[in-house]
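The values are calculated or read from the model by the stated rules, or taken from the named source; none is laboratory data. Because the structure is a prediction, the values reported are computed rather than measured. Methodologically, a virtual Cβ is constructed for each residue, glycine included, from the backbone with ideal geometry; neighbour enumeration extends over all protein chains shown.
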Amino acid sequence: MHDVMPLLLFLSLFILLMLGFPVAFTLGGVSLIFGLLTFGLDFFNLLPLRIWGVMTNYVLIAVPLFIYMGVMLEKSGLAEELLETMALLFGKLRGGLAISVVVVGALLAASTGIVGATVVTMGLLSLPTMLKRGYSPELATGTIAASGTLGQIIPPSIVLVLLGSVLNVSIGDMFIGAVIPGLLLVFLYLLWIAFVAITRPQSAPAMPEKELEKFRGRAMYRQILRAFLPPILLMVAVLGSIFAGIASPTEAAAVGAFGAGLLTMIRGRLNLPTLKAVMTETTYLTCMVFIILVGATAFGLVFRGMGGDRVMTRLILEAEMGPHIFLAIVMVAIFIAGFFIDFIEITFIIVPVVEPIFKHMGVDLLWLGILIALNLQTSFLTPPFGFSLFYLKGVAPKNVATTHIYRGIIPFIVIQLLVLGMLIAFPEMATWLPARVLGD
């Protein structure tokens, strides 16, 4: 009977989620019912202490601060200027506009880490221009959707903060460990665009020479400096302070939030309506993350109280399943779950359950965290519930069909899975840089 209860808990949760009930309240509600059945009224003595322990976690303060930084930068007009400047810089190349979208996506990822904001901004600004210039709708939409998701893996990333707290791995280590996989992903995106531009030049034409001539001259250098200097300074302030050991990720997030406000003020866009809009959106997103975290904490308490982690460990050991086979099963489960549920839900439902088993098997949790983050990135692109696809479809012109977007993201999902495979084959991609930077 004790072995059946954890399975019933999982099954009940899965069925209710598939029926469309809200994740946070389903997690909390199912956990309360099973907690009462298992522990009786004593469960209400345990739960508040566990939730209080999570809510007072100093590391998690970085979540609202990074969200605030991202939303504030979205309002600053930084993305618009970056996209315009990059498009003119790479305009003479075939596929230059698509290349500029990827580079700006990487820069915004390292400055904001908010996927929705990046996809919407680039969709509004770049997609009409790319289509007008003769780009195929598949390449244009695929590039924008995929570039927007770079905020998941390139630090500072909210998913890396959440995964670090769940896996009990240093957030600084997670940030440093994600640098090489993130840059490799950007490089392969650019390689794919270059390949399309060479093999199908009609799908990725160059910009007309007349438009580029207006950009050249002394004004060009001023525009490049104005567009690139602010995000680079912010990246150095946030990531540089973490990598140099000057500040913790939470302190660096506060520096980033302050810096984003300062940049918006310098650009003359900081006013009361903007501040109100930023704070409202930050509060909304933070509440969403933390209410799911409360539900997940209740779920974890009940699951472990039932001995669910011991049952799973025993089943895996009895099946003589090695670390690599178990890792493959977990990676496939996370990839499939990404078709249906959000990355935050996967982080708080699946990861806490498998973490003790991986720890028992002696798996490097830093490497595991980067693997999961990279896997979760695909959840933004996989239909039917890929959030990047929703964001992009919401701002795309009427002549862009959903099928264009679905076909366009396939090569980028393949690239993400390729990098995931490389990271499994070569764990040093995630562990080498933290060891060098921190001198472990």
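Would you call Val63 over 21 Å from the mean Cα position of the chain (by Cα) and in a helix (DSSP H, G or I)? No, not satisfied. Restricting segment 257-290 to residues that are part of a loop (DSSP other than H, G, I, E, B) and either at pLDDT 90 or above or of a type outside the set (Lys, Arg) (or both) leaves a set whose member that is farthest from Pro230 (Cα to Cα) is Asn271. Among the residues of segment 259-276, is any touching a residue at least 12 places away in the same chain (Cβ under 8 Å), out of contact with any strand residue (DSSP E or B) (no Cβ under 8 Å at 6 or more places or on another chain) and within 30 Å of Val30 (Cα to Cα)? Taking every residue of segment 259-276 in turn, none turns out to be touching a residue at least 12 places away in the same chain (Cβ under 8 Å), out of contact with any strand residue (DSSP E or B) (no Cβ under 8 Å at 6 or more places or on another chain) and within 30 Å of Val30 (Cα to Cα).
Taken over segment 153-172, the criterion of being at pLDDT below 85 and not in a loop (DSSP other than H, G, I, E, B) is satisfied by Ile158 alone. When Leu185, Leu131, Leu139, Leu190 are checked against the criterion of being out of contact with any His (no Cβ under 6 Å at 6 or more places or on another chain), closer than 25 Å to Gly256 by Cα and assigned to a helix (DSSP H, G or I), a single residue qualifies: Leu185. Would you call Pro356 modelled with pLDDT under 90 and assigned by TED's automatic domain parsing to the domain that holds Val311? Spelling it out, Pro356 is indeed modelled with pLDDT under 90 and assigned by TED's automatic domain parsing to the domain that holds Val311.
Scanning segment 241-264 for residues that are surrounded by 14 or more Cβ atoms within 10 Å (Cβ to Cβ) and farther than 23 Å from Ile344 by Cα turns up Ser241, Ile242, Phe243, Ala247, Val255, Phe258, Gly259, Ala260, Gly261, Leu262, Leu263, Thr264. Selection over segment 229-256 of residues that are under 18 Å from Gly172 (Cα atoms), free of Cβ contacts under 8 Å to residues at least 40 places away in the same chain and part of a helix (DSSP H, G or I) gives a count of 6. Taken together, the residues in segment 343-371 that are touching a residue at least 12 places away in the same chain (Cβ under 8 Å) and either basic (Lys, Arg) or under 19 Å from Val414 (Cβ atoms) (or both) amount to 1.
Taken over segment 319-338, the criterion of being exposed (fewer than 14 other Cβ atoms within 10 Å of the Cβ) and not in a helix (DSSP H, G or I) is satisfied by Ala319, Glu320, Gly322.
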